1. Dividing the Cα radius of gyration by the Kirkwood radius, what Rg/Rh value follows for region 43-101?
2. Students often forget the sequence filter, so: which lysines lie under 20 Å Cα-Cα from LYS244 once same-chain residues fewer than 8 apart are removed?
3. Two-decimal Rg/Rh of region 133-282 from alpha-carbon positions, Kirkwood Rh?
4. Suppose we keep just the alpha-carbon trace of region 160-204; what are its Rg and Dmax in angstrom?
5. What is the local net charge at ALA151, summed over the other residues whose Cβ is closer than 12 Å to its Cβ (Lys, Arg +1; Asp, Glu -1)?
6. Calculate how many DSSP beta bridges within the chain are antiparallel, expressed in % of all such bridges and rounded to the nearest 5.
7. If r is the Cβ-Cβ distance from ILE189 to GLU94 and R0 is 41 Å, what FRET efficiency results, to the nearest 0.05?
8. For the chain, with the dipole built from +1 on Lys and Arg beta-carbon atoms and -1 on Asp and Glu ones, taken about the Cα centre, which of ALA111, PHE148, SER275 lies farthest toward the positive end?
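Bear in mind these aren't lab numbers, they're just calculated from the coordinates by the rules spelled out. This structure is a prediction, so every number in the text was calculated from the model and none was measured. Glycine gets a Cβ as well: all are built from the backbone with ideal geometry, and neighbour counts include every protein chain shown.
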Amino acid sequence: MKSILSVDVEDWFHILGLSSAPGLNEWGSLPSHVESNFMTLLDLFEAGGVKVTCFFLGWVAERYPHLVREAAARGHEIASHGYAHELVFRQGPEEFREDAGKSKLLLEDIAGRAVKGYRSAGFSSTEATPWFFEQLAEAGYIYDSSVFPAAREHGGMKTADIGPHMVPAGSGHIIEFPISVARVMGRPICFFGGGYLRLFPWTIIRRMARKVLSDGRPVLFYIHPREIDPCHPRLPMSLRRRFKCYVNLGTVRRKLEEILKEFDLTTFEDFIDSSADLRVNR
């Protein structure tokens, strides 16, 4: 079975839940690292012969449209990470749909192709947002990868459906790709992206990925551009958050190169197109 690699295309200052984090009106005045880091990622993917899904933050796409066009020109899927990096559970249905719709239309205008997929900031769809899938469908999306089926500081949702599946959304459906977890001593734990990818040794990540594949599920690997840049600026935060945000940044590029070599990777869009069950229900 193929696995899926995606990039949440955002900058070093797009960290959630910090009083020290700059607001939207301040982002443009900060030194950006997303351009150089994302281009480095594209070169790594090209060297590995891999196509990935790029979940662009709308604000980043608006400021650096050439990054969207370059990713599309190299054959990668363009998807949406919303516009303003807002936690879903802090929004109302209409506010959320407006943000998700704005990002989709912006990306489609830049890339010149349909945007089918969405991922929320901080995987923040929860039981407190029962309207989430219906609003996504209203905004024109086909699939989502926002459900984090384990305990998490931002979001987290208890669900027995930990593989790709269909979710009712108004009069239709959304295809949901929950973030991959492996059960350890009965508990679902993520090993495959963000802080989890940074924290765990490669030998454990590889072993847990093989466990997910043996269960008949694709592994969803995900990274952020800042994670291959150990020298990016730091935001003021507590020691605990500093550990979670910055631990082992120097190991991510090597781990990514191992993922590119070891696993058969594809995009969300191509995975759906190759899956009879998901394709029939679209």
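1. Numbers: Rg = 13.8 Å, Rh = 12.7 Å.
Over the Cα atoms of region 43-101, Rg/Rh equals 1.09.
2. LYS255
3. Here Rg/Rh amounts to 0.99.
4. Over region 160-204's Cα set, Rg and Dmax evaluate to 14.0, 44 Å.
5. Working: positive: ARG152, LYS158, ARG187; negative: GLU153.
Local net charge: +2.
6. Within the chain, antiparallel bridges account for around 30 percent of the total.
7. On the way: r = 35 Å, r/R0 = 0.86.
Efficiency, rounded to the nearest 0.05: 0.70.
8. PHE148
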